[in-house]
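Any read-out appearing in this document is the output of simple, stated calculations on the displayed coordinates, not a laboratory observation. From a predicted model like this one, the values you see are computed outputs, not experimental measurements. Note that we place each Cβ from the backbone using ideal geometry, even for glycine, and neighbour counts take in every protein chain shown.
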There are 2 protein chains.
Amino acid sequence: MFEQLGLIGCGLMGGSFALAMKRAGLVKRVVGYSKSPSTTERARQMGVIDVEAPSALLAVSGADIVLLAVPVAATEATFKAIRHLVTANMLVMDVGSTKRDVVDAARKVLRDHVGSFVPAHPIAGKEVSGVDHADADLYHGKQVILTPIEKTQTVQLQKAQALWEALGCHVQQMAPEQHDAAFAAVSHLPHLLAFALVHAIVSQPQGKEILSLGGPGFKDFTRIAASDPKMWRDVLLSNRHELVEQAKMFQRSLANMLTLAEEGNGEKLEEMIALASSTRSHWRMGQKAK
Amino acid sequence: MFEQLGLIGCGLMGGSFALAMKRAGLVKRVVGYSKSPSTTERARQMGVIDVEAPSALLAVSGADIVLLAVPVAATEATFKAIRHLVTANMLVMDVGSTKRDVVDAARKVLRDHVGSFVPAHPIAGKEVSGVDHADADLYHGKQVILTPIEKTQTVQLQKAQALWEALGCHVQQMAPEQHDAAFAAVSHLPHLLAFALVHAIVSQPQGKEILSLGGPGFKDFTRIAASDPKMWRDVLLSNRHELVEQAKMFQRSLANMLTLAEEGNGEKLEEMIALASSTRSHWRMGQKAK
C-alpha cells in the first residue's frame, strides 16, 4: 500500500495506472502533472488524479511512488526535472516501450538514486491515446516486463513486482538489451510494417478506393497503424538498431516468399506459409515459450 | 427464392453460405459435395446441407443455384466436372479471393454457358477453416464484390445482387482486373507480410521466447498469419503479378522509413507515420471512398 502516487503524464497509460491503483486500494492519493494543463485538469475532473501539480517536480514532492508515463524521448528531461526530490525510499517506474535508452537516462541523471528506479514495460495499450481513454482494466491480465540493472535496489524491485501482480499482471524480468531486441520483433517492427502498408496504399492514385475495400483481415492487421505518430516516431528512433536488425530478417523472408510466388514454386511457398501458420495457430498471448 | 442449391465445397465459406441461405428462407434444399466424404457427412449431420452428393456433377443436377466454394486453384477442375449440367437458367457463383483466374477458367471451360456464371468475392472469412466453423452470420454486414464480364447474363447478375443483399451484404461491381489489383493491396499483401513476419521471428534461435512476449498489437497484426497454407499459397500464386506490384510499393515505403530512422530524421519519419495514422484513424470497414 502506497500513500501518494506522483503521476507524471496523465494520458492513456498513466491515467489507466492511477485508476487501477485506486480501484485496487493500493494508493491513497494521486498527485498528477501533465505537460498540457488541460490534460491535468481533465484528469482531475475524471477522478484519475486527486490533486493537480503545477510541475513534474511538485508531483514528486511527498510521493512514495512515482510513475513516469511520458513519451520515451521525454524520459531524460523528466528525470532532470524531478532528480532533486527523488529519494532512496521512493519507488520510481516508467512504462516505456524501450528500455535501454530509459536505463541510460536514469543512470546519467539520477546517479546515486538510480537504485530507486525500476524500469517497467507493461504490454498493454490502445491505438487511441489521451486521458479520455484511461481504463482501470487496461493492465489487467497483461504482461509486465521489468528490466532492473545492477544498481536497482532489491526492495524497490520487489515492491514493483508485487504492485503489478496486485493489478492482475504477469510479471517477468529480463535485461534491458534482451527486452529491446524482443520488442523490436513483436511490437516495433509490426507497427512499422502497418504504417508502411497504409502509407504505400494511400500514396497510390486509387488509394482511397482501394482502402474502402479492406475487410476484417485488413482491419485487424492495420489497427496499430492508427497509433500516435509522435510516440511511435520516438520508439522507432530510440530502438532503431534492433529494429533494423529485425527488419533485415523480415525483408529476407518476404523477398524469399515473393521470389517463390514469382517462380510459381508452390511447394516451397506453402512450406514457408505453413511454418508461419502453424506457429501463429499455436501461439497464445501471454503464454510462456516451451 | 431458389429451389435447390448445389454446394460444391462444404467448408467454412460454402457451409456458412448454405446456413445463411436457409435461415433467410432463400432456398428450399441444399445438395452438397465436398472432396472429402467426411466433410460432406459432417455438413449433413450439422444441417448445413440436406443431401450428400457423391460428385460435384451430381450436386449440380437439378439445382437452380450453384455455389463453388473450393480453393481458387481447384476452380477450373470443378468447372470441368460440372460443365455438362450447367444450364442457361442456372445461377453459378464462386467465392474466390481472386477473380481474373476464375473468369479465365469460366470462359475456357463453360464456353456457351459462361453467361450463367457471376464471379463473386464476399469480403468475409476467419483464420480458421472447415465446416465446423460454418456460421450463418459470416457474411452479414460484409461487402461482396461481383466481377461480371461482357457475356454475363444480366438476369443472373441481378439475381446474384439481390441474393447477397438479402443476406445483409453490401454489393458492388467492378472489373476482375480492378478487383485483383485492389485485393492484392488490402488482403493478399497483408497476409504475405503477416506470414513473413512470423516466419522471420520463429526462424531466429530465440524465436519462441520472443514470440511469447507478443501483446495485443502483435495478436491482431498476425491473426491472418494463422490462415490456411494451401488456400493462401493458391491465392498468392494466382494473383502474383498484382501482388508483386503492391509489394514493390510497400517495400519502398518501408525502406524509406527505415532509412529515416537510421539517419535519426525524426521529422520526416513522423510525417510518414502521421499520414498512415491519420488515414487508418479515419478508415471504417465498408465505408465508401470519398
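Tabulated values for the structure
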| item | result |
| --- | --- |
| Table column - 3J(HN,Hα) (Hz), the range A:15-25, Karplus curve with 6.51, -1.76, 1.60, x for Gly and Pro | x, 5, 5, 4, 4, 5, 4, 5, 4, 7, x |
| Sites A:Ala77 and B:Lys208 - FRET efficiency at Förster radius 30 Å, r taken between beta-carbons, to 0.05 | 0.20 |
| FRET efficiency for A:His84 and A:Ser278, using Cβ-Cβ distance with R0 set to 51 Å, rounded to 0.05 | 0.40 |
| Vicinal HN-Hα couplings computed from phi for the range A:179-186 (Karplus, 6.51 cos²θ - 1.76 cosθ + 1.60; Hz; Gly/Pro x) | 4, 5, 5, 5, 6, 4, 6, 9 |
| Rg/Rh ratio calculated on Cα atoms of the range A:164-290 (Kirkwood radius) | 1.00 |
| Pseudo-label separations to other copies for A:Ser36 - Cα-to-Cβ vector, 7 Å, nm | 5.3 |
| Counted charge near B:Met174, where neighbours are those whose Cβ lies closer than 11 Å (Asp, Glu -1; Lys, Arg +1) | -2 |
| Helical contribution to [θ] at 222 nm, DSSP H n ≥ 4, -39,500 (n - 2.57), averaged over chain B, rounded to 500 | -15000 deg cm²/dmol |
| Selected from B:Leu12, B:Leu26, B:Leu254 as most flexible by GNM, with chain B as the system and alpha-carbon contacts under 10 Å | B:Leu254 |
| The range B:150-205-the range B:1-77 distance, computed between alpha-carbon centres (Å) | 21 Å |
| Rounded to 10°, Cα long-axis angle of helix B:100-110 versus longest principal axis of chain B | 20 degrees |
| Sequence ranges A:270-278, B:127-135, ranked by mean other-Cβ count within 10 angstrom, highest first | A:270-278, B:127-135 |
| Shielding of A:177-184 by partner chains, average beta-carbon count, 10 Å | 3 |
| For B:Val171, residues with placed amide H under 5 Å, excluding near neighbours | B:Val144 |
| Residues with amide H under 5 Å from that of B:Val30, placed H, sequence gap 5 or more | B:Leu5, B:Asp50, B:Val51 |
| Cβ charges +1 (Lys, Arg) and -1 (Asp, Glu), total dipole of the range B:178-282, debye | 360 debye |
| Axis proximity, chain A to B: residue whose C-beta lies nearest, plus whole-Å distance | A:Asp220, 2 |
| Amide H contacts of B:Val66 (H built 1.01 Å from N, under 5 Å, at least 5 apart or other chain) | B:Gly6, B:Leu91, B:Val92, B:Met93 |
| Within straight-line cross-link reach of B:Lys99, lysines at Cα separation under 23 Å, skipping those fewer than 8 residues along the same chain | A:Lys208, A:Lys219, B:Lys35, B:Lys80, B:Lys108, B:Lys126, B:Lys142, B:Lys151, B:Lys159, B:Lys230, B:Lys248, B:Lys288 |
| FRET efficiency estimate (nearest 0.05) - Cβ-Cβ, A:Met46 to A:Met285, R0 22 angstrom | 0.15 |
| Under the Karplus curve 6.51 cos²θ - 1.76 cosθ + 1.60, θ = phi - 60°, whole-Hz ³J(HN,Hα) for the range A:2-13, x wherever Gly or Pro sits | 10, 7, 9, 9, x, 9, 10, x, 9, x, 4, 6 |
| Residue among B:His191, B:His140, B:His199 with the largest mean-square fluctuation in a Gaussian network model of chain B, springs linking Cα atoms under 10 Å | B:His199 |
| Space enclosed by the convex hull of the alpha-carbon atoms of the range A:2-174, per residue, Å³ | 95 Å³ |
